[in-house]
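Take a look at the structure below.
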Amino acid sequence: MLVRTLAFVICTALLAAGEIGPAPDRSGIAPLAGAGSRLGINLDGIADWNSELPFVDLMHLGRPWISQQQGKPWGKGPELQLDAAGWVQRLEPGCRAEQILLTNASPEQVPPGEFVLLWQGDGDLALGNADIVASSAGRIAFRPKGQFFLQITRVNADNPPRDIRVLLPGHEQDHQRQVFRPGFLERWRGFGILRFMDWMHTNGSEIARWEDYPTPAAWRWNRVPVPVMTDLCNRLGAEPWFCMPHLADDAFVRSFAAQVKETLDPRLRVHVEFSNEVWNGMFAQSRWAEQQAVADPRWKGLKPWEAKALYFAQRSLQIFRIWREVLGRERVVGVLAWQAASGEYWLDGRLLGVDGVAAETDALAIAPYMTMCVPAKAGKAGGLDAATVAGWNVGQVLDHVETQALPQCIGWMRTAAAVAAKHKVQLLAYEGGQHLVGVQGGENDEAMTRLFHAANRDPRMGSLYTRYLDAWKEVGGGAFCLFASCGRPSKWGSWGLMEAWNQPVDAAPKLQAVLAWMRAHPR
């Protein structure tokens, strides 16, 4: 507890010093940029392959140091000796520590200009796949050719290299006060909600104690520190949507809420959700919740998946109560999120309709995707298969979305809207958008994957997004958090509204349609 208290003091001092942006504006004068928008966005996950480049320091996107040893396969060096902050303390002979940055970036996706590598301490650092412009003690200016490698090849154990920064062009002087890339800020300015599910690494999270959650002092933000997320919301005037880890104890939830209260503009509400897609058996949090439910005598005799829904609702209410104790009732939006396709039986009979649940819930949230999930082989009941779809053209794919997937998800919207209205809660979308992807082996059909990528880049996809959002508004839906902000397409889907940080809006039909719809439909 003492360590965490000191860390919190440090975080607050960093805020006051401008290290992670200005402290909350409590004057009540400055406008809230996103306050009039009914659209929100799920921000892309933090990793070295992130193509959105949200931070000016690429080290925040890094992975754990890779240990390399001469003559051995990739990553098979001896275990590295690290300090509490994660900096390398010593190297064995013939060894090096390595990072990969801008992973999978093509040369045209590298920001133009000179990058700067800075560090303190005594050691030798090198760069692979980059042209060195200038080098001096603790500083290297360079130009990456695409994906590049940062290597530590020598460490003075008495004064090891630390505070390593890899800065985007133009940010050597302001990186201590300008955490976010300016273009990233401008792209999402005007969206009403920022959902931090992936920034918090919610799916399969192993975080249980507050002491284990990163602070701004950490160099690697595999989970983004709370003051950084609130700083982003303050800058954009957007309400945060936090997903509490499924293993988190009550002390974690309370400490998280307390830090939000300390650092978030008091005019902004906070959306709070228990984990993410606890209904979805592919995630560790779903299996864990089912185990908790089955072991609880209150639900003895129920089918495991039904008991899981009841456990999910009760744990959600416990989390809502803690947040309201810390921030006050009026600032907390308690969100109960469940599968869009589950229907009235689950949304009402196993969630909101259970005694006492609706009274403490502010919003029912669903993810009404325009779904086209294609397996390698059709099921026993028939349906599409990858080989068949791979023989289609883009027009046929979009015809299917328009005539099958869109009407289906509108039906889900209507059902959820009726349940929400019955219990007098808001209807929100925690995720949504197109859902063209191969499953059950279908993801390995390269021809179908290329076809789905082309469909996402077609202008007609933008028109479908407009109709989709119109339908949401017509059923009375509230805030809609699209999934997701940015990301390269792969065989696992084309989730980003844009593919890379520098993609022109007119080359990203989904983003173009969403921005136009947002301007035309203020909340």
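Name every residue in the range 106-116 that is in a loop (DSSP other than H, G, I, E, B) and either in contact with a Leu (Cβ under 7 Å, 6 or more places away or on another chain) or at pLDDT 95 or above (or both), in order of residue number. Talk me through it step by step, then tell me what you get.
Restricting attention to the range 106-116, the residues satisfying the condition of being in a loop (DSSP other than H, G, I, E, B) are 106, 110-114.
The answer is 110, 111, 112, 113, 114.
Scanning the range 205-257 for residues being in a helix (DSSP H, G or I), surrounded by fewer than 17 Cβ atoms within 10 Å (Cβ to Cβ) and among the hydrophobic types (A, V, I, L, M, F, W, C) gives a total of 1. Could you look through the range 156-180, keep only residues that are modelled with pLDDT of 95 or more and touching a His at 6+ places or on another chain (Cβ under 8 Å), and pick out the one that is nearest to residue 144 (Cα to Cα)? Here the residue is 167. Residue selection: residue 80 fails the criterion of being under 30 Å from residue 499 (Cβ atoms), among the hydrophobic types (A, V, I, L, M, F, W, C) and surrounded by 13 or more Cβ atoms within 10 Å (Cβ to Cβ).
All conditions but one from (1) in contact with a Leu (Cβ under 7 Å, 6 or more places away or on another chain); (2) surrounded by 15 or more Cβ atoms within 10 Å (Cβ to Cβ); (3) over 22 Å from residue 274 (Cβ atoms) apply to residue 178; the one that does not is (1).
Count of the range 267-307 residues, restricted to those that are under 26 Å from the mean Cα position of the chain (by Cα) and more than 22 Å from residue 202 (Cβ to Cβ), is 1. Residues 392, 412: which one is of a type in the set (Phe, Trp, Tyr), at pLDDT 95 or above and closer than 25 Å to residue 191 by Cα? Residue meeting the stated conditions: 412.
Which strands (runs of 3 or more DSSP E) sit wholly inside the range 426-523 and have at least 3 residues that are over 28 Å from residue 56 (Cβ atoms)?
Per the criteria, 426-429, 434-439.
If you filter the range 499-514 down to residues that are closer than 20 Å to residue 33 by Cβ and free of Cβ contacts under 8 Å to residues at least 40 places away in the same chain, you find that the one that is farthest from the chain's Cα centre (by Cα) is 505.
The single condition among (1) of a type in the set (S, T, N, Q); (2) touching a Gly at 6+ places or on another chain (Cβ under 9 Å); (3) surrounded by fewer than 17 Cβ atoms within 10 Å (Cβ to Cβ) that residue 135 does not meet is (2). For the range 352-363, the count of residues that are farther than 20 Å from residue 479 by Cα, among the aliphatic types (A, V, I, L, M) and in the same structural domain as residue 467 (by TED's automatic domain parsing) is zero. When the residues of the range 374-410 are filtered to those that are within 27 Å of the chain's Cα centre (by Cα) and free of Cβ contacts under 8 Å to residues at least 60 places away in the same chain, the one that is nearest to residue 451 (Cα to Cα) is 405. Residue-level check: of (1) exposed (fewer than 13 other Cβ atoms within 10 Å of the Cβ); (2) of a type outside the set (A, V, I, L, M, F, W, C); (3) more than 27 Å from residue 77 (Cα to Cα), residue 94 misses just (3). Scanning for something closer than 30 Å to residue 457 by Cβ, surrounded by fewer than 17 Cβ atoms within 10 Å (Cβ to Cβ) and without any contact (Cβ under 8 Å) to a residue 40 or more places away in the chain, does the range 333-356 turn up at least one residue? No: zero hits. Among the residues of the range 44-82, those that are in contact with a Lys or Arg (Cβ under 7 Å, 6 or more places away or on another chain), among the hydrophobic types (A, V, I, L, M, F, W, C) and at negative phi comprise 55, 56, 59. Considered as a group, the residues in the range 246-266 that are closer than 13 Å to residue 233 by Cβ and β-branched (Val, Ile, Thr) include one that is nearest to the chain's Cα centre (by Cα), and that residue is 260. Tallying residues that are farther than 18 Å from residue 369 by Cα, free of Cβ contacts under 8 Å to residues at least 60 places away in the same chain and among the basic types (Lys, Arg) within the range 423-470 yields 1. Checking each residue in the range 413-436 for being surrounded by fewer than 22 Cβ atoms within 10 Å (Cβ to Cβ) and out of contact with any Phe, Trp or Tyr (no Cβ under 6 Å at 6 or more places or on another chain) picks out 414, 415, 417, 418, 421, 422, 423, 424, 426.
Take the residues in the range 462-483 that are of a type in the set (A, V, I, L, M) and touching a Lys or Arg at 6+ places or on another chain (Cβ under 7 Å), then tell me which one is surrounded by the fewest Cβ atoms within 10 Å (Cβ to Cβ). Outline the logic, then answer.
Start the filter on the range 462-483 by keeping residues that are of a type in the set (A, V, I, L, M), which leaves 464, 469, 471, 475, 479, 482.
Filter again for touching a Lys or Arg at 6+ places or on another chain (Cβ under 7 Å), leaving 475, 479.
Numbers: 475: 18, 479: 25.
The selected residue is 475.
Scanning the range 353-408 for residues that are aliphatic (A, V, I, L, M) and part of a helix (DSSP H, G or I) turns up 358, 359, 386, 387, 389, 390, 394, 397, 398, 401, 405, 406.
Does the range 487-523 hold any residues that are among the polar types (S, T, N, Q) and within 21 Å of residue 238 (Cα to Cα), and which are they?
The answer is 512, and nothing else.
The condition of being assigned to a strand (DSSP E or B) and either outside the structural domain of residue 477 (by TED's automatic domain parsing) or among the acidic types (Asp, Glu) (or both) holds for residue 334.
The values are calculated or read from the model by the stated rules, or taken from the named source; none is laboratory data. All values derive from a computational prediction rather than experimental measurement. Here the Cβ is made from the backbone with ideal geometry for all residues, glycine too, and neighbour counts use every protein chain on show.
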